Amino acid sequence: MSDSLKNTRVLVVGGSSGIGLATATAAAKAGASVTIASRSRDKLDTAVAAIGGDARAVVLDTRDLEAVDRFFTAEPAWDHVVVSAAQTPGGPVRGLAVADARSAMDSKFWGAYHVARAAKIRETGSLTFVSGFLSVRPSATSVLQGAINAALEALARGLALELAPVRVNAVSPGLIATPLWSGLPAEKREAMFAGAAQRLPARRVGQAEDIANAILFLATTPFATGSTVRVDGGGAIA
């Protein structure tokens, strides 16, 4: 992978934090010209400074189809596009407001769909979605997230046929220590991670860099398409 991203253009949607930022950073270190996109200008500015080099940042709300179309119309073709942006409020189906459920679907599924529909990607390039292991290991309190993740993975498989020879894949993380959990008090968060690590065959929770490795593996492997790669510490089988 060290040479295969040199002189390529890589877009990471959701690249201002967590998995997206780790992916953008790794791609930049591998020689790619990286653009990150998200809704928050402040987060983007902080992230692009951390990535360094010629990285650039674009404010983009993937829920806005017209904005997505305008962005991709103005840009030349990409070598690799990664979509890791999502805000998905959770909870039991009968306790989660339908408006919140629709918002989650708009953010994670329809946002990715809009990008896939509009993005110009070189024939030798790739599109990668970030889903989640709840697609195969459902939770009674996160039913919607599992359904959205499964839909994303099915979308990737279908698009691998429709967009060929552009390669389309998904990476399915398990529990990852990212800013997503920053709302929990530090003590409670660390206790949750420690308990999860004991239950996982890998005996650790994931880091954003673990998922970035998988994303860039798929992007730089010419024979990988229509695949979902789980990086979950064994969470789906535990």
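The values are calculated or read from the model by the stated rules, or taken from the named source; none is laboratory data. Computed from a predicted structure; not experimentally measured. Reconstructed Cβ throughout: ideal geometry from the backbone, glycine too, with neighbour counts over all protein chains shown.
For the reader, a short list of remarks on this structure follows.
- Criterion violated by D79 - all others in (1) touching a residue at least 60 places away in the same chain (Cβ under 8 Å); (2) under 17 Å from V12 (Cα atoms); (3) not in a strand (DSSP E or B) satisfied: (3)
Residue-by-condition table, conditions (1) under 23 Å from F72 (Cβ atoms); (2) aliphatic (A, V, I, L, M); (3) part of a strand (DSSP E or B):
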position: V12; (1), (2), (3): yes, yes, yes
position: T23; (1), (2), (3): yes, no, no
position: A26; (1), (2), (3): no, yes, no
position: A37; (1), (2), (3): yes, yes, yes
position: K43; (1), (2), (3): yes, no, no
position: V48; (1), (2), (3): yes, yes, no
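- From L5, L96, residue being free of Cβ contacts under 8 Å to residues at least 60 places away in the same chain and assigned to a loop (DSSP other than H, G, I, E, B): L96
- For A170, the stated conditions hold: it is in contact with a strand residue (DSSP E or B) (Cβ under 9 Å, 6 or more places away or on another chain), of a type in the set (G, A, S), part of a strand (DSSP E or B) and surrounded by 14 or more Cβ atoms within 10 Å (Cβ to Cβ).
- Residue in segment 49-59 that is touching a residue at least 40 places away in the same chain (Cβ under 8 Å) and of a type outside the set (S, T, N, Q) present: yes
- Qualifying positions in segment 50-76 - among the β-branched types (V, I, T), outside any loop (DSSP other than H, G, I, E, B) and under 23 Å from A22 (Cβ atoms): I51, V58, V59
- Qualifying residue in segment 140-163 (condition: exposed (fewer than 15 other Cβ atoms within 10 Å of the Cβ), out of contact with any Cys (no Cβ under 7 Å at 6 or more places or on another chain) and modelled with pLDDT under 95): yes
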